[in-house]
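Trainee: I have a structure here, written as structure tokens, and I will follow up with some questions on it.
The values are calculated or read from the model by the stated rules, or taken from the named source; none is laboratory data. Note that this is a predicted model, so its numbers are computed, not measured. Here Cβ is always computed from backbone atoms with ideal geometry, including for glycine, and neighbour counts include all displayed protein chains.
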């Protein structure tokens, strides 16, 4: 793998790790919304969480096998 | 699809330490799978929250009026057995009832007679006795009101939760 390819894959990996860390934060927000019976907050958290999962999956394209 | 095991590997089943290593792409794939699982969990929690709030309850008798002295409370479950609620008799023929779950983080509220307010001991949230509106503390929404009425047979009935 070239130097450029290695850097790209490292960057993608870091992006994915950050997204997953944010997802873990979002699940705590969803738990709070659940406890407070706040449906609006729960659905918006779920929407952001799904978008992040899709973004993380999209980043996989840039990682060579 | 998994690749078939090569003949040489079947004949010489050696395993190098490097074969157990996870590649960068595999690691990222596990992370993405984890992110997907968390997203599914988030959607599940949102759906569960929605289903709980949709159930506004159906009318049913709670307790006899004479069993609740003026100024005292009565605990019951409404609309399901998993929804604690509290009723307060204000005057001879005036009662109010609320969900006992604090709208901040779901702790149980109780009536403070000396302060005449609903109080949540977890984070010092306080609510108005009659309206359930927030007086002070971290909650931003009023307590969930339960409509109640006193019927002719002197029974207190819960009629439902306003949406």
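Trainee: Of the residues B:135, B:86, which is closer than 26 Å to residue A:34 by Cβ, away from chain A (no Cβ under 14 Å) and under 17 Å from the mean Cα position of the chain (by Cα)?
Mentor: Values: B:135 fails: under 17 Å from the mean Cα position of the chain (by Cα).
The unique qualifying residue is B:86.
Trainee: Looking for something farther than 24 Å from residue B:47 by Cβ and more than 7 Å from chain B (Cβ to nearest Cβ) - is there at least one such residue anywhere in the range A:47-59?
Mentor: Initial filter on the range A:47-59 (farther than 24 Å from residue B:47 by Cβ): A:58-59.
Those left that are additionally more than 7 Å from chain B (Cβ to nearest Cβ): A:58-59.
Yes, some residue in the range A:47-59 is farther than 24 Å from residue B:47 by Cβ and more than 7 Å from chain B (Cβ to nearest Cβ).
Trainee: For the range B:54-75, does any single residue satisfy the condition of being at pLDDT 85 or above and in contact with a helix residue (DSSP H, G or I) (Cβ under 9 Å, 6 or more places away or on another chain)? Full working, then the answer.
Mentor: If we filter the range B:54-75 for residues that are at pLDDT 85 or above, which is where we start, we get B:59-75.
Next, from what is left, pick out any that are in contact with a helix residue (DSSP H, G or I) (Cβ under 9 Å, 6 or more places away or on another chain): B:74.
Among the residues of the range B:54-75, at least one is at pLDDT 85 or above and in contact with a helix residue (DSSP H, G or I) (Cβ under 9 Å, 6 or more places away or on another chain), which makes the answer yes.
Trainee: Hey, among the residues in the range B:89-107 that are more than 15 Å from residue B:122 (Cβ to Cβ) and in a loop (DSSP other than H, G, I, E, B), which one's nearest to the chain's Cα centre (by Cα)?
Mentor: Among residues in the range B:89-107 that are more than 15 Å from residue B:122 (Cβ to Cβ) and in a loop (DSSP other than H, G, I, E, B), the one nearest to the chain's Cα centre (by Cα) is B:93.
Trainee: Does the range B:134-150 hold any residues that are over 16 Å from residue B:116 (Cα atoms), assigned to a loop (DSSP other than H, G, I, E, B) and touching a residue at least 40 places away in the same chain (Cβ under 8 Å), and which are they?
Mentor: Selection gives B:144 alone.
Trainee: Considering (1) within 22 Å of residue B:104 (Cβ to Cβ); (2) more than 9 Å from every other protein chain (Cβ to nearest Cβ), say which one residue A:62 fails and leave the rest.
Mentor: Going through (1) within 22 Å of residue B:104 (Cβ to Cβ); (2) more than 9 Å from every other protein chain (Cβ to nearest Cβ) one by one, residue A:62 breaks only (1).
Trainee: Could you please give the count of residues in the range A:36-46 that are within 7 Å of another protein chain (Cβ to nearest Cβ) and surrounded by fewer than 16 Cβ atoms within 10 Å (Cβ to Cβ)?
Mentor: Going through the range A:36-46 one residue at a time, the tally reaches 0.
Trainee: Only one residue in B:67, B:47 is farther than 26 Å from residue B:135 by Cβ, facing chain A (nearest Cβ under 9 Å) and surrounded by 12 or more Cβ atoms within 10 Å (Cβ to Cβ). Which one? Don't jump to the end; show me each part of the working.
Mentor: Details: B:67 fails: facing chain A (nearest Cβ under 9 Å).
None of the others qualify; the one that does is B:47.
Trainee: Here is a further query. Test each condition in (1) facing chain B (nearest Cβ under 9 Å); (2) assigned to a helix (DSSP H, G or I); (3) closer than 30 Å to residue B:53 by Cα for residue A:21 and report the one that comes out false.
Mentor: The single condition residue A:21 does not satisfy is (1).
Trainee: Say we look at the range B:70-82 and pick out the residues that are touching a residue at least 60 places away in the same chain (Cβ under 8 Å) and not in a strand (DSSP E or B); which of these is surrounded by the most Cβ atoms within 10 Å (Cβ to Cβ)?
Mentor: So the residue we want is B:78.
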